[in-house]
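Student: A single structure is presented below for examination.
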Amino acid sequence: MVRAENLLKQVTSPEGELVLLHDIDLTIAPGDAVAIVGASGSGKSTLLGLLAGLDMPSGGRVWIDGTDLFALDEDGRARLRGAMIGFVFQSFQLLPNLTALENVMLPLELAGRRDARETAQTVLARVGLEQRLHHYPRQLSGGEQQRVAIARAFSPRPKLLFADEPTGNLDRTTGERVADLLFEINREQTTTLILVTHDETLARRCNRRLELDKGRLKAAI
C-alpha cells in the first residue's frame, strides 16, 4: 500500500542545511496498522506528511497503491488523497463555521457523492454523535471533536488513513475510547492505518512499529 525509497527531507536554517529525514526506506502492506514512534523532533510528523503527500521531499520517492506520489502535480496529489486517503489531525482541523454533520459531509460533497448527507449521518451515528449532528465544533468537547474528525476521515471509506497524535490532546479515558474507535473502524473497513504517537499503549496496539531517531529509521518491528 505504501512504499518509500531513499526519502530525504532537509531545510535551510541560519546554521545551514538541516536534515530532518535521512534516506528512509519502508514498505507497508495493505491492512497493516503501523505506529511511527520516537522522541520529539525525531521526524515523525515530517515523515507522515511526506507519506501523505502533504509536503515535498528533498529527495527520494513514495508510492501509494502503486502510484508514484511525487510524479504527480499538486492537483494530482490532491485527487489521489481525495480518492483513497483520510487524515486525522491532533488538533482536529474541523471547520469552525460548519456543524459536525457539515464537516463530515464536506469530503463526500467534494467527491461528488449524492448520498453525502445520508452517509455522514450514518458515520456520525457510528461514532456515537447522532445527537450532535447540528452542533458546531465550539459546542463539542475535545473527545467529541476528535470523533467528528475520525468520522470525516473514514466517511469516504479510504484505503489508507494517517493519524498524527490522534489522542494527544485528550484525557486518558477519552483517548482510549478514541483509540478503540480508530482500530474498530480500521478492522471493519480493512483500512491501512499509519499513526504517529508518543503513547506506548497506543503503539502496542498496532501490528507494526517504526522507530525514528534523529531522522533515521532506527527499527522496524
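The values are calculated or read from the model by the stated rules, or taken from the named source; none is laboratory data. Quick caveat: nothing in here was measured; it's all calculated off a predicted structure. As a convention, Cβ positions derive from the backbone with ideal geometry for all residues, glycine included, and neighbour counts pool all protein chains shown. Remember, those area values only see protein heavy atoms, side chains included, never the ligands or the DNA or RNA. Shrake-Rupley method; radii C 1.70, N 1.55, O 1.52, S 1.80 Å.
Student: Can you give the Rg and Dmax of region 129-189 based on its C-alpha atoms, in angstrom?
Tutor: Answer for region 129-189, Rg first and Dmax second: 11.6, 31 Å.
Student: May I ask for the net charge around ASN103, where only other residues with Cβ less than 13 Å from the Cβ of ASN103 are counted and Lys, Arg are +1 while Asp, Glu are -1?
Tutor: In short, +2.
Student: Can you tell me which of 16-29, 71-84, 148-161, 46-59 comes out highest on packing, and rank the rest after it, using the mean Cβ neighbours within 10 Å?
Tutor: Highest mean packing first, the order is 148-161, 46-59, 16-29, 71-84.
Student: Would you work out what percent of the accessible area of region 32-186, with all protein chains in place, is carbon or sulfur (probe 1.4 Å)?
Tutor: 46 percent
Student: Rounded to whole Å and sorted largest first, what semi-axes of the equivalent ellipsoid does the C-alpha gyration tensor of the chain yield via the square root of 5 times each eigenvalue? Don't jump to the answer; show the numbers that get you there.
Tutor: Details: eigenvalues 170, 76, 54 Å².
Calculated on Cα positions only, the semi-axes equal 29, 20, 16 Å.
Student: Here's a follow-up. Quick one, can you get me the convex hull of the C-alpha atoms of region 5-46 expressed as volume per residue in Å³?
Tutor: Measuring per residue, one finds 79 Å³ for the Cα hull of region 5-46.
Student: So, one more: Where both partners of a DSSP beta bridge lie in the chain, what percent of those bridges are antiparallel, to the nearest 5?
Tutor: 55 percent
Student: Cross-link candidates for LYS159: which lysines have Cα within less than 25 Å, leaving aside residues fewer than 8 places away along the same chain?
Tutor: Those lysines meeting the cut-off are LYS44.
Student: I need the Kirkwood Rh of region 81-194: take the reciprocal of the average 1/r across all distinct C-alpha pairs and report it in angstrom.
Tutor: 13.7 Å
Student: A follow-up question, please. When ligands, DNA and RNA are left out and all protein chains stay put, how many square angstrom of accessible area per residue does the chain have with a 1.4 Å probe?
Tutor: Numbers: 10800 Å² over 221 residues.
Result: 49 Å² per residue.
Student: Still on this structure: What are the aspartates and glutamates whose alpha-carbon lies under 15 Å from the alpha-carbon of LYS9, with same-chain residues fewer than 8 places away excluded?
Tutor: LYS9 reaches GLU17, ASP23, ASP25, ASP55, ASP213.
Student: To the nearest 500 deg cm²/dmol, what mean residue ellipticity at 222 nm is calculated for the chain from DSSP H runs of n ≥ 4 alone, each contributing -39,500 (n - 2.57), summed and divided by the residues?
Tutor: Dividing the helical sum by the residues of the chain leaves -10500 deg cm²/dmol.
Student: Amide H of ALA33 versus every other amide H placed in the peptide plane: which residues, excluding those fewer than 5 positions away on the same chain, fall under 5 Å?
Tutor: Hits under the 5 Å cutoff: LEU193, ASN207, ARG208.
Student: If amide H atoms are built 1.01 Å from N in the plane of the peptide, which residues on other chains or at least 5 residues away come under 5 Å of the amide H of VAL196?
Tutor: Here the answer is ILE36, ALA163, ASP164, GLU165, since their amide H atoms fall under 5 Å of that of VAL196.
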